Each structure stands twice: as C-alpha cells, then as structure tokens.
Amino acid sequence: MCIVLESSNLRALSNLYLLYQDRTFEISWDLAVIALGYSLVLSPIVESANTNLSFTFDRLFGTKQSNQIVQRLGDEHPEIEVQHATSHGTTGIQAADCIAGAVADSYRNGRNWFEGTNVDVNFQTRELLTRMDQLLRDENKTGP
C-alpha cells in the first residue's frame, strides 16, 4: 500500500488555509500528514494481525520531528511499537525506500517497475485526502 500526494491534491482540500494556522493538528501539518499516511497504510495490517507489531520508519527529519510522528502514530495505533531510524544499517528501510522510489517513478514517468511481478500496489491517496478534508472541515466549525 502506498500514498502519492501532490501539491494539487492539497490545494483541492476544503479549508486548506487551516493547514497553515497550526490549529487542526497538534504538530506541524506536514508531520501530521505523514503520521496520518502511515496510519492508513498500517490499519489493515493491525486489523488482521494477532501478534505484537512494530513499525520503524525512515528518519527524514530531525529527532524532535520524528518523535512527533511517533507520538501521533502511537495515538492512532497504540497497539504498535513505533520508532524511527536512519536507513543506513536498518533492515527493511532501504527495501521500503526502493519500493517507494519505484512507485514514485511509475507515477511520475509512467514506467511500470512492477510489471511481471506479484507486487500489488494499492494506493490509499484518496483515503488520506478524505481524512484530511474531514479534519479541516471539523476544525472550521464554529459554535457557542
């Protein structure tokens, strides 16, 4: 499962301006979007698993920002042990980066890196955008 998000997707969100007001999310919106994306990708795994799960993501930002992603993802999925690490020397992260690169190249340039393989790429971009749109709509509600 993967998510491909373009700036045009963000511009199409209702109440987009709220992203920049630091009200909708407890952390910076870009970090929150990453956490939401991870949550969506992990949800089906959590639902079908009957063991303890752990998830390690590539530390793209500093430790403080990565810890914020860990916290948000932990709030969404407390049953998963979440951590971050660098891709250098961390088993699995480089493989995930390779797959993400193939998906990105397929999306940008129309190349099908997965042709002839048993890899089934399931995009959850629409689900992420729907969730973000809902969060922004809820944030914009006013009341007494």
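Here are some notes:
- Helix-only CD estimate at 222 nm, as mean residue ellipticity for the chain, using -39500 (n - 2.57) per DSSP H run (n ≥ 4): -16000 deg cm²/dmol
- In units of the rule-of-thumb radius 2.2 N^0.38 Å, segment 53-107 shows an alpha carbon radius of gyration of 1.22.
- Fraction of the pair-distance distribution of segment 1-113 above 25 Å, Cα-Cα pairs, percent: 29
- Here segment 38-91 exposes an accessible surface that is 48 percent carbon and sulfur, computed with a 1.4 Å probe and the other protein chains kept in place.
- Over the chain, relative contact order from alpha-carbon pairs under 8 Å, at least 6 apart, %: 39
- For segment 33-112, trypsin sites (Lys or Arg not before Pro) meeting the loop criterion (DSSP other than H, G, I, E, B) and having at most 15 other Cβ atoms within 10 Å: 111.
- Low-density loop cleavage sites - GluC sites (Glu not before Pro) in segment 52-90, where at most 12 other Cβ are within 10 Å (DSSP): 79
- Spin-label pair residue 114/residue 67, simplified geometry with 7 Å Cα→Cβ offset, distance in nm: 3.6
- Span per principal axis, largest first, for the Cα atoms of segment 80-130 (Å): 32, 29, 21
- Rounded to the nearest 20 debye, dipole of the chain from Cβ charges on Lys, Arg, Asp, Glu: 360
- Cβ-based charge dipole, segment 30-138, positive-most Cα from 53, 69, 39: 69
- Model label points for residue 14 and residue 99, set 7 angstrom from Cα along the Cα-to-Cβ axis, are 3.4 nm apart.
- Selected from 15, 52, 118 as most flexible by GNM, with the chain as the system and alpha-carbon contacts under 10 Å: 118
The values are calculated or read from the model by the stated rules, or taken from the named source; none is laboratory data. What you see is a predicted model; the values in this text were computed from it and never measured. Neighbour counts run over all protein chains shown; Cβ positions are idealised from the backbone, glycine included. What goes into the accessible areas is simple: the full protein's heavy atoms, side chains included, and nothing from ligands, DNA or RNA. Shrake-Rupley method; radii C 1.70, N 1.55, O 1.52, S 1.80 Å.
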